[in-house]
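The values are calculated or read from the model by the stated rules, or taken from the named source; none is laboratory data. Everything numeric here is computed off the predicted structure, so don't read it as measured data. Don't worry about glycine lacking a Cβ; one is built from the backbone with ideal geometry, like all the others, and counts go over all protein chains shown.
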Amino acid sequence: MRASGVRVTLVVHEHKRLGRGIELATLAEELKASGVGLHFLTGELQGSHDPSGVVFTVLAALSGMEREYIRDRTLEGHESARKRGKTIGGAGVTDDHMLSMALHLREQEMSLRDIAARLVITTGKKKGQHPSPATVMRMLREHDEQSTAPSAS
């Protein structure tokens, strides 16, 4: 924020950094009630603006719509990829040998961090590195869920 005389102005790099939809409308009301001005350094709305103005209201609505559009397109892309047999996310770094070693180390009551430090990724770009504790936790959780799931007979 910048204080120039009595007026206070919130300076933001770009309108997208301020919020979207309802968040942006709520913020506009708070800024208006506090008598705070708004100044964008870059983007389509570069310059000073009155947070209670029509521009701000339209911006809030458009930002919310843009967010939903991006989300919908992303979900459609994921669904299309799945139908083509593609996997979503990064390459898997775990294998059966790593799982059996992690299970053995867990039986010795080692922490996830210690288990991860003893495991080594054997394939892909991360070959030779250790998996993260989160990866170890996910691998063990998936194993536990599969082993406790009732068999489909």
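Of Gly35, Gly64, all but one fail to be over 17 Å from Met137 (Cβ atoms), of a type outside the set (D, E, K, R), touching a residue at least 24 places away in the same chain (Cβ under 8 Å) and loosely packed, with under 11 Cβ neighbours inside 10 Å; the exception is Gly35. Among the residues in the stretch 51-58, are any closer than 13 Å to Lys16 by Cα and either surrounded by fewer than 14 Cβ atoms within 10 Å (Cβ to Cβ) or modelled with pLDDT of 80 or more (or both)? No, the conditions are met nowhere in the stretch 51-58.
Inspection of the stretch 68-86 identifies at least one residue that is under 23 Å from the mean Cα position of the chain (by Cα) and part of a loop (DSSP other than H, G, I, E, B). On the stretch given as the stretch 87-100, residues that are surrounded by 13 or more Cβ atoms within 10 Å (Cβ to Cβ) and either assigned to a helix (DSSP H, G or I) or among the aromatic types (Phe, Trp, Tyr) (or both) total 2. Quick check: is even one residue across the stretch 5-27 among the basic types (Lys, Arg), surrounded by 13 or more Cβ atoms within 10 Å (Cβ to Cβ) and either at pLDDT 80 or above or assigned by TED's automatic domain parsing to the domain that holds Lys125 (or both)? Within the stretch 5-27 (the criterion being among the basic types (Lys, Arg), surrounded by 13 or more Cβ atoms within 10 Å (Cβ to Cβ) and either at pLDDT 80 or above or assigned by TED's automatic domain parsing to the domain that holds Lys125 (or both)), the answer is no, since none of the residues qualifies.
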